[in-house]
Amino acid sequence: MIKLDLRKADYSAVGPENGLNISEEFGAYSERIAQIIDDFNKRKNKAGQGLQWMNLGYSEETAWYVKEYAALVENRFENVLVLGIGGSALGGIAVTHALLRPYWNLLSEEQRNGYPKIFFLDNVDPDEMNALLDILDLKKTLVNVITKSGDTAETMAQFMILKNRLEEELGDDYRKNIVATTDKRTGILRQIAEQEGYKTFVVPDDVGGRYSVFSAVGLLPFALVGIDIDEITAGVKDMDVALKNPDISQNIAAQNALVHYLMDTKLGKSITVMMPYSSRLKYVGDWFVQLWAESLGKKKYADNIQMNIGATPLKALGATDQHSLAQLFNEGPNNKLINFIRVEKYDCELNIPKIFEYTGIGYLGGKTMNDLMNAEADSTKAALCDFSRPSVTITLPKIDGYHVAQLLYMLEVQTAIAGALYEIDPFDQPSVELARNYTYALMGRVGYEESAKSLQEKMMIS
Ligand code: PA5
């Protein structure tokens, strides 16, 4: 199992102004945490609670359908192109980057064991998209369009371009190159998929985009490129069993949620940094940033006074960002809680040759890159502590489907528990919806004429 170490967030390590009396806080909050977890355990099987993501690890049916389709299309495509944005893309990017051999798309077909290359388009940058379309042989490309709502402008615009290009190249057969992942019943993509006869997968009810990585949203692209999805669901299930425990001393998601919540509300640590010491886990930072920001950045009212809630997430990469952000972390405002992610065993060991022994870099010879990475993480953590900067450390025994799934699921549960502590809804995103509606208005969608008029007036003024 993955482990959590909170010692460097304790007042004994970083002083009472910057650290918590963790055992005392666990005692003080044990009942509240137990209530929150019991409440999740009771509500997660009920509809309309936004908690169906807690059951995804157990959905044998989804895994079965995904594997069946992946087997059906095996060896048929050279590329998988995923279209999606936000929660419909970030989990897929994070997990494939972590689990596929680095530089996957540059490997030969043999090195990829016959599995396709994978590309994600999660922006509407015309130059980027055009360049990718120039590279891909669309006849050999499977397009997986993912949108829960079925009408996100960014994703649907990409899809419209792809649909036309595929049809131009493949004629009527183009449908075989499209698979849609969307809501079971509603939304424009569902309607189009049914009319056009695309293969479809479902984003289940009560699963918000940023909590959807273990549904077909993630599992389908994973299976298409040969990632063992049984290993992933095993990691989710084992972590879920561990996190059902209402005893805070046994529940790492509850512990980290409470530490983050108290660091923000009591000690002013209003920035949460996610810093994996592994390039393969780099995009876990991006995924976490969206999860934490969109779930916890909310306004709420207490005694009719508006409060703006949430700690700002920031991503960093060890050791790279030691030469970028670490100066700020050490000497800038003491308003951050750093989350180190450590890996106990990398897949390989890379020796540094014993050369240039007569120079100042001679000490590196005979060591490994693994030794260096670990020393970098240890030294950064120690330096932060010297500057009274709190940190927590999550350790993965290794980077594989089982442990990466545990990490992501643990962070999802941590976010949900933090939402309950802040007393906000961690499953909605009202202001994202507002901006989404403004985009519809500006792009001339029927029904948004009034918004378009008032927006144009506002834009004239500014
Ligand atoms: O987490 C969320 O709910 C959002 O980030 C959505 O995933 C994002 O807005 C894309 O929405 P959709 O999947 O409906 O296209």
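The values are calculated or read from the model by the stated rules, or taken from the named source; none is laboratory data. For clarity, every value in this text was computed on a predicted model and none was experimentally measured. Cβ coordinates were reconstructed from backbone atoms using ideal geometry, including for glycine residues, and neighbour counts include every protein chain displayed. These area figures cover heavy atoms from the full protein model, side chains too; ligands, DNA and RNA do not enter into them. Shrake-Rupley method; radii C 1.70, N 1.55, O 1.52, S 1.80 Å.
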Need pairs with beta-carbon distance below 7 Å; first residue under 24 Å from Y440 (Cβ atoms) and within the range 136-154, second of a type in the set (F, W, Y) and more than 7 Å from the ligand (Cβ to nearest atom); sequence gap 6+ or separate chains.
V145/F159; A153/Y440
Is there any pair linking a residue in the range 365-383 that is over 16 Å from I394 (Cα atoms) to one that is of a type in the set (K, R), with Cβ under 6 Å and at least six apart or on different chains, and which?
G365/K354; G366/K354
Inside the range 316-370, can you point out the residues that are among the β-branched types (V, I, T), open to solvent by 20 Å² or more (accessible area, probe 1.4 Å) and closer than 29 Å to Y402 by Cα?
T320
Mind listing whichever residues of the range 138-156 are more than 7 Å from the ligand (Cβ to nearest atom) and open to solvent by 10 Å² or more (accessible area, probe 1.4 Å)?
K139, K140, D151, A153, E154, M156
Please list, ordered by first then second residue, the pairs with beta carbon atoms under 7 Å, 6 or more apart or interchain, first in the range 323-339 and within 18 Å of L262 (Cα to Cα), second open to solvent by 20 Å² or more (accessible area, probe 1.4 Å) and in a loop (DSSP other than H, G, I, E, B).
N334/N18; N334/S388; N334/R389; N335/G268; N335/S270; K336/R389; I338/R389
Any idea how many residues of the range 375-392 are touching a strand residue (DSSP E or B) at 6+ places or on another chain (Cβ under 8 Å) and either closer than 13 Å to S278 by Cβ or open to solvent by 50 Å² or more (accessible area, probe 1.4 Å) (or both)?
1
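If the requirement is being surrounded by 21 or more Cβ atoms within 10 Å (Cβ to Cβ) and closer than 14 Å to Q290 by Cα, which of these qualifies: A405, A416?
On the way: A405 fails: closer than 14 Å to Q290 by Cα.
Exactly one residue qualifies, and that residue is A416.
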Among the listed residues D428, D386, identify the single one that is out of contact with any Gly (no Cβ under 6 Å at 6 or more places or on another chain) and modelled with pLDDT of 95 or more.
D386
Output the qualifying pairs, or none if there are none: Cβ atoms under 6 angstrom, residues six or more apart or on different chains, first residue in the range 175-202 and at positive phi and among the charged types (D, E, K, R), second residue more than 12 Å from the ligand (Cβ to nearest atom) and open to solvent by 50 Å² or more (accessible area, probe 1.4 Å).
none
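Does the range 94-103 hold any residues that are in contact (Cβ under 8 Å) with a residue 24 or more places away in the chain and open to solvent by 30 Å² or more (accessible area, probe 1.4 Å), and which are they?
Residues of the range 94-103 that are in contact (Cβ under 8 Å) with a residue 24 or more places away in the chain, as a first pass: 94-100, 102.
Matches in the range 94-103: H97, L99, P102.
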Do the conditions hold for G362, that is, is it out of contact with any helix residue (DSSP H, G or I) (no Cβ under 8 Å at 6 or more places or on another chain) and within 16 Å of the ligand (Cβ to nearest atom)?
no
Unmet requirement for K44, which otherwise passes all of (1) free of Cβ contacts under 8 Å to residues at least 60 places away in the same chain; (2) touching a strand residue (DSSP E or B) at 6+ places or on another chain (Cβ under 6 Å):
(2)
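Look through S295, S279 and report the one residue that is within 16 Å of the chain's Cα centre (by Cα) and surrounded by 21 or more Cβ atoms within 10 Å (Cβ to Cβ). Give the derivation first.
Details: S279 fails: surrounded by 21 or more Cβ atoms within 10 Å (Cβ to Cβ).
Step by step, each of S295, S279 is checked, and only S295 is within 16 Å of the chain's Cα centre (by Cα) and surrounded by 21 or more Cβ atoms within 10 Å (Cβ to Cβ).
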Mind checking which residues of the range 45-85 are open to solvent by less than 10 Å² (accessible area, probe 1.4 Å) and not in a helix (DSSP H, G or I)?
L51, N79, V80, L81, V82, L83, G84
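Just to be sure I understand, how many residues within the range 157-187 are within 13 Å of the ligand (Cβ to nearest atom) and either closer than 18 Å to V124 by Cα or not assigned by TED's automatic domain parsing to the domain that holds T62 (or both)?
Our first condition is that a residue be within 13 Å of the ligand (Cβ to nearest atom); within the range 157-187, this holds for 157-159, 180-183, 186-187.
Imposing the further condition that a residue be either closer than 18 Å to V124 by Cα or not assigned by TED's automatic domain parsing to the domain that holds T62 (or both) reduces the set to 157-159.
So the answer is 3.
Taking the conditions exactly as written (among the acidic types (D, E) and open to solvent by less than 60 Å² (accessible area, probe 1.4 Å)), does D127 satisfy them or not?
Details: among the acidic types (D, E): yes; open to solvent by less than 60 Å² (accessible area, probe 1.4 Å): no.
Here the answer is no, as D127 does not meet what is asked.
Conditions tested, residue by residue: (1) modelled with pLDDT under 95; (2) over 29 Å from V66 (Cα atoms); (3) not aliphatic (A, V, I, L, M).
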position: V225; (1), (2), (3): no, no, no
position: A234; (1), (2), (3): no, no, no
position: P246; (1), (2), (3): no, yes, yes
position: A254; (1), (2), (3): no, yes, no
position: I271; (1), (2), (3): no, yes, no
If we keep just the residues of the range 104-124 that are open to solvent by less than 60 Å² (accessible area, probe 1.4 Å), of a type in the set (A, V, I, L, M) and more than 16 Å from the ligand (Cβ to nearest atom), which is nearest to S212 (Cα to Cα)?
I118
Can you tell me which residues in the range 207-257 are within 16 Å of the ligand (Cβ to nearest atom) and either surrounded by fewer than 24 Cβ atoms within 10 Å (Cβ to Cβ) or not in a helix (DSSP H, G or I) (or both)?
V207, G208, S212, V213, F214, S215
Does L56 meet the test of being within 28 Å of V241 (Cβ to Cβ) and touching a residue at least 24 places away in the same chain (Cβ under 8 Å)?
yes
Before we move on, is L56 within 16 Å of the ligand (Cβ to nearest atom), touching a Leu at 6+ places or on another chain (Cβ under 8 Å) and under 28 Å from G208 (Cβ atoms)?
no
Is there a residue being among the charged types (D, E, K, R), assigned to a loop (DSSP other than H, G, I, E, B) and assigned by TED's automatic domain parsing to the domain that holds N334 anywhere in the range 21-33?
no
Going residue by residue through the range 292-300, is there one that turns out to be of a type in the set (A, V, I, L, M) and within 16 Å of the ligand (Cβ to nearest atom)?
yes
